[in-house]
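Derivation of every value follows stated rules applied to the coordinates shown; laboratory data play no part. None of the values given here were measured: they were computed from a predicted structure. Here Cβ is always computed from backbone atoms with ideal geometry, including for glycine, and neighbour counts include all displayed protein chains.
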């Protein structure tokens, strides 16, 4: 079973929509309450980044099923300005000062896998995965 | 202690900075950001009023040294006014009174 | 108290015990539990999760609205958990940085180290203490077999790493001078050109350079805007300021330095220092120059090294054991 469903991010309200859809998918896969909360938080961070820095973009979800494990993948895509120094945004304390959010390092902590592609002037794609234990 | 910097314009060519408080490692960067651009505007004279500066350390002195260098580069002028004795002493020891335009009427007497 | 296991079973038992007995013992165990959780980097949301699960097992009939409210709490705590983990990782990084700086500080110590000369004719006491880990003050002794002792005391504007880097540059410039005796005015003149060319416009260095000739007991010196030193007349018990004009290093490439000579009488002292000594503060009050001199005078009968040590101890205590600026004090005394 593998399907993809997406939420477009244009306004702040869309972040809630993305959380809702992501949480529903996570629940169906079998994630418990804590993991649902973590996944929703990660979605918030990714969607908020799109909303704040790229303006528009989308967040997509995939239910993953392998022989011995199940999980969820979240893919955040935008055509925004891109990230010049990925190393810098992945550093603790860089984007979090002032309590704005957990930032990308936070997303990385919430999930099991984290991958980012970004090109200046073209956009950013972040793919994160959490496996069901 | 803090430093407040008040910028006013006497006439078209003279910018008057009134400082109050302490110029030290914490406040010097702010002062530098204010004063350096002014020394780069052609034909400008920057006057700095020290009357309410009760303490300055070597970092503060560094700001005025860069400002002085900048005036030489850009053909502008820097004048330091109404220094308290303790602050004046710093300029005196470092030999800067010889090469800077410092108003000699020192506040509080020597 | 046995070590606790951080699992659901354990927490559930503790919780059950507490609900039954309202016992302080159980609460103390809860405290242990939370401390151990921190040690094992367990985040707050995880503890709430264990709490929710325990409640569900203890009270299977728990009302739906309680369950929902706990889930709400869990959601609220997720960000705190993340902030906590980030805090932990930043703390580790801070420790790394600290140890890196202390390695650098040790390197600096080795690089800038100078040997205090042991000469029969003139006794030397010297002490330099940084306010932070890296020292922006610098002093250096050069003694040649003909009997002249060169002493440099310098202060870089600012403190910390930038000042220390700058000081290393000065040290290497001085090392590149020829071995033979050089006049203080010449040394300052050439250092001035080095600093003027190589250092940021807002950085400058003050330096005092003196040459003590142990054959005729003359002291030849020049100053580049350095804090004035003092000459102590033993007979009168009085200090005289060694106030010499001279521009700080690095401001103007054309600057020249004047040189002065002083004859030193037996038992008299030359006191060289940096503004970390004269700019001592007691609370908000500045220490007056006379106070510094009085303190030096009160120890004047001790060996030179003990004088500088005692003076430092005095002002360290006065400033609540927290130096605001690097502190360097050197005392020379003619012995024979």
| request: For n ≥ 4 DSSP H runs only, could you compute -39500 (n - 2.57) per run for chain C, divide by its residues and tell me the 222 nm figure to the nearest 500? | output: -15500 deg cm²/dmol
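Among C:140, C:226, which comes first, second and so on when ranked by fewest other beta-carbon atoms within 10 Å?
Values: C:140 20, C:226 30.
By the 10 Å Cβ count, ascending: C:140, C:226.
May I ask for the percentage of alpha-carbon pairs in chain C that lie more than 34 Å from each other? It would help to have the intermediate numbers written out before the result.
Working: 25578 of 56280 pairs.
Result: 45 percent of Cα pairs exceed 34 Å.
Apply the a/c threshold of 1.5 to the C-alpha gyration tensor of chain B and tell me whether it is rounded, prolate or oblate. Each step should come with its number before you reach the end.
Numbers: a/c = 1.43, a/b = 1.31, b/c = 1.10.
Rounded shape, in that the Cα axes give a/c under 1.5.
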| request: Kindly express, to the nearest 10 degrees and within the range 0 to 90, the angle between helix C:160-175's C-alpha long axis and the longest C-alpha principal axis of chain C. | output: 30
| query | Whole-Å semi-axes of chain A's equivalent ellipsoid, largest first, each the root of 5 times a Cα gyration tensor eigenvalue? | reply | 23, 16, 14
| query | Where does chain B land at 222 nm, in deg cm²/dmol rounded to the nearest 500, when only DSSP H runs of n ≥ 4 count, each adding -39500 (n - 2.57), divided by all residues? | reply | -11000 deg cm²/dmol
| Segment residue C:240-residue C:324, extension gain: residue separation times 0.36 nm, minus the distance between their alpha carbons | 27.6 nm
| remark: In a Gaussian network model of chain C with springs linking alpha carbons closer than 10 Å, the residue among C:244, C:115, C:161 that fluctuates most is C:115
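Tell me, C:218, C:206 in order of fewest to most beta-carbon neighbours within 10 Å? Write down the numbers at each step before the final one.
Numbers: C:218 14, C:206 26.
Result, fewest neighbours first: C:218, C:206.
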| query | In nanometres, what is the gap between the two model label sites at residue C:8 and residue A:23, each 7 Å from Cα along Cα-to-Cβ? | reply | 2.2
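Report the convex hull volume per residue for the protein assembly as shown, counting only C-alpha atoms, in Å³.
Values: hull volume 145.5 nm³, N = 579.
In the protein assembly as shown, the Cα convex hull volume per residue is 251 Å³.
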| field | Estimated FRET transfer efficiency when R0 is 51 angstrom, pair residue B:8-residue C:256 (beta carbons, to 0.05) | value | 0.80
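When a/c reaches 1.5 or more, the comparison of a/b and b/c decides; with that in mind, is segment C:172-239 rounded, prolate or oblate per its Cα gyration tensor? Could you put the intermediate results ahead of the total?
Working: a/c = 4.03, a/b = 1.57, b/c = 2.57.
In terms of gyration-tensor shape, oblate.
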| field | Relative exposure of C:187, C:151, judged by other C-beta atoms within 10 Å (fewest first) | value | C:187, C:151
| message | If you fit an axis through the alpha-carbon atoms of helix C:304-318 and take the longest principal axis of the Cα set of chain C, what angle between them do you get, 0 to 90°, nearest 10? | response | 40
| Folded to 0 to 90 degrees: helix C:289-298 orientation relative to chain C principal axis, Cα | 80
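If N is the number of residues in segment C:8-95, what value comes out of its Cα radius of gyration divided by 2.2 N^0.38 Å? Could the numbers behind the result be given before it?
On the way: Rg = 14.9 Å, N = 88, 2.2 N^0.38 = 12.1 Å.
So the Cα radius of gyration is 1.23 times the expected 2.2 N^0.38 Å.
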| query | Okay, helix-only estimate at 222 nm for chain A: each DSSP H run of n ≥ 4 adds -39500 (n - 2.57), divide by all residues, round to 500 deg cm²/dmol; what do you get? | reply | -11000 deg cm²/dmol
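Between residue C:190 and residue C:39, how high is the FRET efficiency from 1/(1 + (r/R0)^6) when r is the Cβ-Cβ distance and R₀ = 41 Å? Nearest 0.05.
Working: r = 58 Å, r/R0 = 1.42.
That pair, residue C:190 with residue C:39, gives E of 0.10.
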